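Notes for the one structure printed next.
The values are calculated or read from the model by the stated rules, or taken from the named source; none is laboratory data. Computed from a predicted model, the values in this text were never measured in an experiment. Note that each Cβ is placed from the backbone with ideal geometry, even for glycine, and that neighbours are counted across all protein chains shown.
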């Protein structure tokens, strides 16, 4: 049995991806990916167990991606308000919900360019528009989130978001908290371009929530 470190609950509230603490690897030898199963559930919790058997090649023949190796499970009933727990650990792990972030996959402006759970419990997704602007979704435990100075606040979904700068001038980031988790969206313009604060707010107002 393998401990897992974080989970994503899909918008249907039944499809769950859990991240194990081992890196994904592209190796010369076959591997059996981690498998997740429900070992117990009741009105307050769903307990997931992850098992795996990984046969790695020699280090020089194996390219490690740095992502957490995912395992998938489908519940017969929606998760609802129940807590996800790890059969191999006593404390709950971070659980991220797609319902708590904008539905960027349904927004034809944004083309997904990458996404993964990481062994350090974080969830990243990146998107690009035809003009080269990048949008990055980042989710992490609130205890690990470190924001720069607040520039403004803005409604985002059902929450009040906090806007900060992000890196170079013209790049912005909005943060919002849900329970023990902090989500953020960063807007990064193409090289030699930038967004005003007003333009960033307009981009946020156009996001799709479902």
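Worth a mention:
- Qualifying residue in segment 83-103 (condition: modelled with pLDDT under 95 and in contact with a helix residue (DSSP H, G or I) (Cβ under 7 Å, 6 or more places away or on another chain)): no
- Boolean, residue 155 is surrounded by fewer than 17 Cβ atoms within 10 Å (Cβ to Cβ) and either in the same structural domain as residue 174 (by TED's automatic domain parsing) or without any contact (Cβ under 8 Å) to a residue 24 or more places away in the chain (or both): yes
- Among (1) part of a loop (DSSP other than H, G, I, E, B); (2) modelled with pLDDT under 95; (3) under 20 Å from residue 4 (Cα atoms), the one test that residue 79 misses: (2)
- Within segment 168-205, being more than 21 Å from the chain's Cα centre (by Cα) and assigned to a loop (DSSP other than H, G, I, E, B) holds for 168, 169, 170, 189, 190, 191, 192, 193, 194, 195, 196.
- Count of segment 159-175 residues, restricted to those that are within 25 Å of residue 9 (Cβ to Cβ) and free of Cβ contacts under 8 Å to residues at least 40 places away in the same chain, is 6.
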